[in-house]
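The values are calculated or read from the model by the stated rules, or taken from the named source; none is laboratory data. Owing to the predicted nature of the structure, the values given are computational and were not obtained by experimental measurement. In this analysis, Cβ positions are derived from the backbone assuming ideal geometry, glycine residues included, and neighbour counts consider all displayed protein chains. Side chains included, ligands, DNA and RNA excluded: accessible areas come from the protein's heavy atoms. Shrake-Rupley method; radii C 1.70, N 1.55, O 1.52, S 1.80 Å.
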Amino acid sequence: MSKSAREETAEQVAFRQYCRQWLKDNRPGDPPVRLPLSPLEIMTEAQLTYLQKWQKSAYDAGLIGCDYPEAVGGAGRNDCQRVANEEMIRAKTPFMPNVIGLGMAAPTVLYHAQETVKEQLLPRLFSGEDIWCQGFSEPGAGSDLASVQTFAERKGDKWVINGHKVWTSLAHFAEWMILLLRTDRSHKYDGLSYFVVPIRSALGKGVTVRPLIKITGETGFNEVIFEDLEVDDIYRLDELGKGWQVAMTTLLHERGAGELQTPRSGGMKSKATHATNTSNLIELARNTVRNGKPAADDPLIRDRIMELVVREMGLGQNQRRSRVSALLDHPARLLLQNKLLASEIAQDTGALAVEVAGASGSLYLGDDNAPAGGQWPMAYMNSYGMTIAAGTSEVQRNILGERVLGLAKSK
Amino acid sequence: MAQPDNFGFGEEATLLKESARKFFADNFATDKLHGMVASDPSPERMSECAWDRDLWQQMVDLGWTALAVPEVADGLGMPVAAVAGLVEELGRAAFPCPLLSTLNATYVLAACGSAGETALGEITQGRTASLAITNKQGSWEAAETDVTCEQGKLTGTACFVQEARKVDRLLVSARTAAGLSLYWVATDAPGLTIKPDAIVDLTRDQAHIQFDSVEAQAVSTEGVAALEQAMPAIWTILAADIVGAAEWQLQTTVEYANTRQQFEHPLGFFQAVKHPLVDVMVLVDQCKSLVYNAACAIDTEPERAAEYAHMAKASASETAAFASGRSVQYHGGIGFTWECFVHLYFKRQNHSQMLWGDAVWHRARLADILMGAVA
């Protein structure tokens, strides 16, 4: 398969061998507690402890931060995180708990923080000892992110921060937050600045974290209130007034289009978790009786399930094609679709499942007769978190229309 | 067998796709197409079968008709992934020619084993061909035909035959005492009459073929098996044509949405236009990814070929319909006229949408594979 297979460098080949062997010897055992669907729903200390232990061992073995410089705690390799990710997924390891830290904070800190701050923060971020959260949205700043009002006022070589952040996943475990705020009220975009600030060590000293309850009834995200929190100037990223540009680095990585790969896994399929995908939907249709026949025999239901199968496979094949340059029309065209498609496919899969289940689709987690233990209505409701967070589907379509198709910028 | 990560789309395929794109861009701009096929707007017109034979001969000389012919019949034996790349460019240009129909016949003949080699040799020599395997109801099931064969002579009518007036040979499926067999016959054979259909699409021609005791060369008695083996490739390359045409529709409509001003803004400023155009792009990309996945499966993972090709053509038919509708709608009043080029692609896509099975048909077959057939 000389030309057809992707050609790997000698470093990648050797590293793949190393990862495979290490994972064979060190893949963690089954979790002692039920794991949530994603790191953003970690709710108990027991879940967190198990996952942090896994992340630390993977970091110590060199499977995290592969392509970051050694001086900041990385492994100094070249395009090897991709290899580690593939091997971790293949070995079905659990997901990393410090998902916001690895995916968004790390690249932002690397590109915009002072050297001493990188050296201080990144090693404990990679190891998972410090969980990170993201302070972007506010009650008055959702899709229109640049209208944030949280304010930092200079006081000598310190800053005094006041404001209110919402939808802050993992804040209840977080040591640090990446924080977009305002240092000048007279300019919308150029008045923004970007900081990293302590959370856990400042609780009761200018920081309050309160859980918000989701549409599903679960907790997992929070509101964070700053009242005269004092932060050293060294924790400001990039220049004053450049907060929007720094936030773009964060968002680029959040949407999967940054050049630094995010360490990831999530290959472990715990029996207790229930994936929102079409094979589970087909299973549900087989087990549901409508008009005396399996729902899986109804041609209309079959057609609608197959529509989703096609979309689901299309997304998977988009990700494969995004690495084949001869079949791309625009460098970011596929990557920028990822989040939009994944969230909308999950939503439509959940919606169809609840419909296919019929009357039983109304049964929730507490009901013994609920199909799949009530996970379908839970997944369906949760999917709105995905189509709203990290830029709503409407904002994603603006971005795709403007950046990829070159259409005029909408207000 | 696992598929290669890059769909088997290597250097050779990349060069072929690039040269095809350049070939059509240099030789066949859309205004040339319009001038050639759209001279008579009358709704009662008979389809004209206008095409550029000189340009076609250049394509034959480049070896494009022999790409899929196996090496054993002196062809180039290129993988379906590479052929799909070429066809995508053909679709982008909406070039009227018998390339797809010849490729379709090639895939069926190649599925006949050594029995197909003589006919394949003719294709290698530059002969063009088309499949005559569809009945009057337009069934896309492999085993359905209204043509019968007795003592080597074909009788009956084959319908929805693509590019019938452009090709030299037909590969005909006919019922015999032994089952369904395949026959190879020249389009100018005595007793064979081509009756052109008056179709909406200006870039293709289609006909029904009357056989009145036509002497034909027997190719294979395993007709159903050969057709079923070849259908995934036939669906996949048609889906590739749709992808190319849909990309043209997307880019042309985006360009218009950036140019045309209303309410002091270009049309694309308004989200009621912007967001559906993004949805067109999303469908085109989904379809393109599924096309190369299906092509690669035919080349390297044949046990999944039908499943993945159903996905590709189901997606392609939806893409064709949506991209076409939006392209006319967002061109506004001018998009509703004969002089605006979008109607050429609108009509080609509508034809492709139903050809070899629409989205609902392919999803029903896909469900049979993934969920089991319903008794």
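Does residue B:373 count as crowded, with 18+ Cβ neighbours inside 10 Å and within 23 Å of residue B:141 (Cα to Cα)? Here the answer is no, as residue B:373 does not meet what is asked. Taken over segment A:21-46, the residue count meeting the criterion of being more than 25 Å from the chain's Cα centre (by Cα) and either surrounded by 16 or more Cβ atoms within 10 Å (Cβ to Cβ) or in contact (Cβ under 8 Å) with a residue 40 or more places away in the chain (or both) is 2. Restricting attention to segment A:323-368 and to residues that are within 14 Å of chain B (Cβ to nearest Cβ) and among the polar types (S, T, N, Q), the residue that is farthest from residue B:247 (Cα to Cα) turns out to be A:343. Of the residues making up segment B:350-373, those that are part of a helix (DSSP H, G or I) and closer than 18 Å to residue B:197 by Cβ number 5. Picking from residues in segment A:217-237 that are modelled with pLDDT under 95 and open to solvent by 10 Å² or more (accessible area, probe 1.4 Å), the one that is farthest from residue A:94 (Cα to Cα) is A:217. For segment A:329-354: of the residues being without any contact (Cβ under 8 Å) to a residue 24 or more places away in the chain and farther than 11 Å from residue A:400 by Cα, which is most open to solvent (accessible area, probe 1.4 Å)? Within segment A:329-354, the match that is most open to solvent (accessible area, probe 1.4 Å) is A:331. Among the residues of segment A:169-207, write down those that are over 26 Å from residue A:38 (Cα atoms), surrounded by fewer than 22 Cβ atoms within 10 Å (Cβ to Cβ) and among the hydroxyl-bearing types (Ser, Thr, Tyr). Selection gives A:183, A:186, A:189.
For segment B:145-167, a tally of residues being open to solvent by 50 Å² or more (accessible area, probe 1.4 Å) and farther than 16 Å from residue B:215 by Cβ returns 3.
Within segment A:85-94, none of the residues are of a type in the set (S, T, N, Q), in contact with an Asp or Glu (Cβ under 8 Å, 6 or more places away or on another chain) and under 18 Å from residue B:5 (Cβ atoms). Residue-level check: of (1) out of contact with any strand residue (DSSP E or B) (no Cβ under 8 Å at 6 or more places or on another chain); (2) within 19 Å of residue A:251 (Cβ to Cβ); (3) open to solvent by 40 Å² or more (accessible area, probe 1.4 Å), residue A:389 misses just (1). Residues of segment B:285-315 that are over 14 Å from residue B:366 (Cα atoms), assigned to a helix (DSSP H, G or I) and more than 10 Å from chain A (Cβ to nearest Cβ): B:295, B:297, B:298, B:302. The single condition among (1) surrounded by 16 or more Cβ atoms within 10 Å (Cβ to Cβ); (2) more than 22 Å from residue B:347 (Cα to Cα) that residue B:72 does not satisfy is (1). Given the criterion at the interface with chain A (Cβ under 9 Å from one of its Cβ atoms), under 24 Å from residue B:366 (Cβ atoms) and either crowded, with 21+ Cβ neighbours inside 10 Å or at pLDDT below 95 (or both), identify the matching residue among B:282, B:278. After applying the criteria, what remains is B:282. I'm checking my understanding of the structure. Among residues of segment A:308-322 that are more than 7 Å from chain B (Cβ to nearest Cβ) and not aliphatic (A, V, I, L, M), which one is most open to solvent (accessible area, probe 1.4 Å)? Restricting to residues being more than 7 Å from chain B (Cβ to nearest Cβ) and not aliphatic (A, V, I, L, M), the top hit is A:319. Can you find even one residue in segment A:98-105 that is in contact with a Phe, Trp or Tyr (Cβ under 9 Å, 6 or more places away or on another chain), open to solvent by less than 40 Å² (accessible area, probe 1.4 Å) and more than 28 Å from residue A:188 (Cα to Cα)? Checking segment A:98-105: at least one residue is in contact with a Phe, Trp or Tyr (Cβ under 9 Å, 6 or more places away or on another chain), open to solvent by less than 40 Å² (accessible area, probe 1.4 Å) and more than 28 Å from residue A:188 (Cα to Cα). Residue A:398 meets all of the listed conditions (1) within 9 Å of chain B (Cβ to nearest Cβ); (2) under 22 Å from residue A:143 (Cβ atoms); (3) open to solvent by 40 Å² or more (accessible area, probe 1.4 Å) but one, namely (3). Listed by first and then second residue, the pairs linking a residue in segment B:362-375 that is within 7 Å of chain A (Cβ to nearest Cβ) to a residue that is hydroxyl-bearing (Ser, Thr, Tyr) and assigned to a helix (DSSP H, G or I), with Cβ atoms under 9 Å apart and 6 or more places separating them unless they lie on different chains, are B:370/A:278; B:370/A:279. Reported count of residues in segment B:240-272, each being more than 23 Å from the chain's Cα centre (by Cα), at the interface with chain A (Cβ under 8 Å from one of its Cβ atoms) and touching a residue at least 12 places away in the same chain (Cβ under 8 Å), is 3.
Only one of the listed residues (B:357, B:332, B:325) is of a type outside the set (Asp, Glu) and buried (at least 22 other Cβ atoms within 10 Å of the Cβ). That residue is B:357. Put simply, of A:91, A:113 the only residue that is hydrophobic (A, V, I, L, M, F, W, C), under 18 Å from residue A:252 (Cβ atoms), open to solvent by 10 Å² or more (accessible area, probe 1.4 Å) and not assigned by TED's automatic domain parsing to the domain that holds residue A:201 is A:113. Inspection of segment A:369-376 finds a residue satisfying the criterion of being in a helix (DSSP H, G or I), open to solvent by less than 30 Å² (accessible area, probe 1.4 Å), among the hydrophobic types (A, V, I, L, M, F, W, C) and away from every other protein chain (no Cβ under 14 Å).
For segment B:202-239, residues that are open to solvent by less than 40 Å² (accessible area, probe 1.4 Å) and more than 13 Å from the chain's Cα centre (by Cα) total 12. Of the residues examined, residue A:286 is not one that is crowded, with 21+ Cβ neighbours inside 10 Å, basic (Lys, Arg), modelled with pLDDT of 95 or more and in the same structural domain as residue A:365 (by TED's automatic domain parsing).
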